[in-house]
Structure formats: structure tokens, C-alpha cells
Amino acid sequence: MREYDQKGDREQFHTATGSDTLTAMTVYDFQSKTIDGREISLSDYKGKVLLIVNVASRCGFTPQYSGLQKLYDEHKQGGF
């Protein structure tokens with residue numbers, strides 16, 4: 001059975017016996033580190049378009065940056 005919490009943004013799933021409740025996580029429940037090491041909550045970006053990419057920036061092999069920049073340049077007017 002599915003229910004939504006008071007805010008309507010979390011699904012709760014009940015087992016067949018009804019004794020256990022699991023709450024589904026969303027992307028906004030996660031934290032991440034910025035490239036300069038600051039901890040951020042993805043909930044800070046609620047209501048915005050997100051593209052989450054593991055860019056492996058510390059290894060120095062980052063050819064994907066040019067493609068990501070192109071994607072951003074093409075869609076930034078649309079709120080990306």
C-alpha cells in the first residue's frame with residue numbers, strides 16, 4: 001500500500017503485514033561535496049533542473065567538460 005506524507009513529497013510503502021514502513025528516498029535527501037570540498041544538500045536545488053554527473057575531476061582526465069558545457073550552453077535559456 002502507498003501513502004504520502006503530510007507534505008506529499010515522500011512515498012511510504014507498507015509491508016503486507018503492515019508492521020514495517022519504508023520511506024522512499026528522493027534525490028533531495030542526498031548530500032554531496034562541491035569541487036572545493038564544501039558539503040551541500042541537493043535539497044538546495046529543489047524546483048530547479050538537475051543534471052547529476054560524476055565527472056572524476058580529481059583524476060585530471062576530464063574530456064567530458066566540453067560536452068557538458070555545450071549541453072549547458074544549448075539549454076541555459078530554458079532554465080538549465
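The values are calculated or read from the model by the stated rules, or taken from the named source; none is laboratory data. Since this is a predicted model, take the numbers as computed values, not measurements. Because the Cβ atoms are built from the backbone with ideal geometry, glycine has one as well, and the counts that use them run over all protein chains shown.
Miscellaneous remarks
- Scope the stretch 1-35; condition in a strand (DSSP E or B) and either among the polar types (S, T, N, Q) or at pLDDT below 85 (or both); matching residues: R2, E3, Y4, E11, Q12, F13, H14, T21, L22, T23, Q31, S32
- Residues of the stretch 41-68 classified as under 10 Å from the mean Cα position of the chain (by Cα), among the charged types (D, E, K, R) and at pLDDT below 90, total: 0
- Checking R38 against (1) modelled with pLDDT under 85; (2) surrounded by fewer than 10 Cβ atoms within 10 Å (Cβ to Cβ), the condition it does not meet: (1)
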